[in-house]
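Read-outs throughout are calculated quantities, based only on the coordinates presented, and are distinct from any laboratory measurement. Everything numeric here is computed off the predicted structure, so don't read it as measured data. FYI the Cβ positions are ideal-geometry reconstructions off the backbone, even for glycines, and counts take in every protein chain you see.
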Amino acid sequence: MLIKLMKRMLLPLLALLLILSAVGCGPKEAPVIETAPGEKSGEIVIWAWSESEINGLAEKFNEVYPNIKIKFVAVESDLYLSKLQSALVTGGELPDVTLQEIGERGAMYALDIWEDLEAAPYNLDRNIFFPQILPTMLNADGKIVGIERELNPSGICYKRDLALEFFGTEDPDELGAMISDWDQLIAEGKRIAEESGGKVKLFAGLRDVESILYSQYADTVFEENLAHITEYYEYNMDIMLRMYEGGMVGKLQMWTPAWNSSYIDPENYILYPCAPWSPVWVVKANDPDGTGRWGVTTAPLRGYSYGGTAYGILKDAKNKDLAWTFIEWATTTDHGTEACQEVVGAIVSRQANYANGYPASPDEYFAGQSTNQYLMENALSGMLIRELSQFDVVLRDVASFVMEDIYNKPGITLAELVEAARVEMKNKLPDDMTIE
């Protein structure tokens, strides 16, 4: 917790010097007095895209800090960085607590606008957090400029009835074994497409598949003035092209109404990307009457990190002390991290919460499965996260561009897709970057 340092002399100077002489010590700093939580007061401005989430955390926060008001300002996640940059340029109101969504975090961290949270007066200890998540908290200089609230070992959400019908099992371990690598998954997808006459598909759209592949790819893509994109796109586009040509992927765009509605469609799509937050914020939200219909299993190849929200403090923030009070509470304390688990449905990034293993929390909606426990025990160990880059957004934008070619150009080859990606990346990256 950020301490408001208040140095007080406990004895007159002469008496203090006599004491120090008597014990043979050199001068020491006077003791500090911490401000009690109830004595801290003021207002914290938080920009975020989910009012219910912030209000839920604020209610828990005020149990400890009753005199600190949290003001929610609605900002869409895909407009967050542009709004932040605009406020910095124009001198507009800035947030005290800034949310750093994983998709734009690399671009955010490339800007020299953040407080170093390991430096005074914050003095954060990075060993508090799971080491797997550290790459998502560091800027290019290796400084922690945001604290990842969540650990996101991720897998696959699936419709149990369709899994039983087409895979012969609804058991998560058995299903995970049947799709344990991408070649196996593709083979199963072809079989299901043939058996169903093309009616039943594994995934609703290519972006579902790309979300997993993008997050699983652990090799460095951007390195100083080099962009190692040929291998990246060859690997990812090969899988996506084979899946689409095999009739096992639909054309729905993620997060659209049609995609959301596909969760309640009992017949068409079996698998969806699944983070620890997905059961609450995606599956249950889209299929509120789906009790018993859903399960969670492992992804092909290995677990991956899907999504994530970090908290940071701008150098120009007005209320840094109170901002840190909230951030430290939410990410490093028992009460705060437990609140994040409850309100957000998150597996938090603080290691101490799971020192004795992840607790079981059977969920009737998921047929009694403890979804987060399953992901912690089955997806975390193989999870690899590459370092952030300011060009990660470009990497995914170009993937979207190339995916449209897969949809709209029957017979397109992998070589043509990769070349299209290379050309588009060349147009979007700085002129001094070399594409390999």
Can you give the local net charge around ALA317? Use residues other than it whose beta-carbon is closer than 11 angstrom to its beta-carbon, Lys and Arg +1, Asp and Glu -1. -2
Based on DSSP, what percent of beta bridges with both residues in the chain are antiparallel, to the nearest 5? 65 percent
Value in Å of the Kirkwood radius, where segment 49-127 supplies the Cα pairs that are averaged: 14.6 Å
Given a Förster distance of 45 angstrom, what is the FRET efficiency for ALA140 paired with LYS199, based on the Cβ-Cβ distance and rounded to 0.05? 0.40
Mind checking the log10 I(q)/I(0) for segment 168-267 at q = 0.11, 0.15, 0.19, 0.21 Å⁻¹? Debye, one equal scatterer per Cα, no solvent, two decimals. -0.40, -0.71, -1.04, -1.19
Over all directions, average the projected area of the Cα convex hull of segment 283-436 and note it in nm². 14.4 nm²
Using helices alone, what [θ] at 222 nm do you get for the chain, with -39,500 (n - 2.57) per DSSP H run of 4 or more residues, divided over all residues and rounded to the nearest 500? -12000 deg cm²/dmol
Under Stokes-Einstein, with the Kirkwood radius over Cα pairs standing in for Rh, what whole-number D in µm²/s applies to the chain at 37 °C and 0.692 mPa s? 138 µm²/s
For the pair LEU164/ILE128, report the inter-label distance in nm, with labels modelled 7 Å from Cα in the Cβ direction. 4.5 nm
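Expressed in nm to one decimal, what extension gain is obtained for the pair VAL89 and ASP431 from 0.36 nm per residue of sequence separation less their Cα-Cα distance?
Details: separation 342, 0.36 × 342 = 123.12 nm, distance 2.53 nm.
Roughly 120.6 nm would be gained on extension.
Using the Cα centre of segment 163-228 as the reference point, and only Cβ charges (+1 on K/R, -1 on D/E), how large is the resulting charge dipole? Debye, rounded to the nearest 20.
380 debye
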Using only alpha carbon positions, build the gyration tensor of segment 290-347, then give the equivalent ellipsoid semi-axes as the square roots of 5 times its eigenvalues, largest first, whole angstrom. 32, 16, 10
In segment 149-245, what trypsin sites (Lys or Arg not before Pro) fall in a loop by DSSP, with at most 11 other Cβ atoms inside 10 Å? LYS199
Along principal axes, Cα extents of segment 219-363, largest first, whole Å: 55, 50, 33
For segment 248-332, what is the per residue volume of the convex hull drawn over the alpha-carbon atoms, in cubic angstrom? 182 Å³
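For ALA119 and ASN268 in one chain, what is 0.36 nm times their gap in residues minus the Cα-Cα distance, to one decimal in nm?
48.4 nm
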Kirkwood Rh over Cα pairs of segment 78-120 into Stokes-Einstein at 37 °C, 0.692 mPa s: D in µm²/s? 289 µm²/s
So what's the angle, to the nearest 10 degrees on a 0 to 90 scale, between helix 80-90 and the longest Cα principal axis of the chain? 40 degrees
Total charge dipole magnitude, the chain, about the Cα centre, Cβ charges on Lys, Arg, Asp, Glu only, Debye to nearest 20: 1160 debye
What ratio of Cα Rg to 2.2 N^0.38 Å holds for segment 82-238? 1.40
If the elastic network links every pair of Cα atoms under 10 Å, which of VAL423, VAL344, VAL45 fluctuates the most in the Gaussian network model of the chain? VAL423
In percent, what relative contact order does segment 334-436 have, based on Cα pairs under 8 Å that are 6 or more apart in sequence? 15 percent
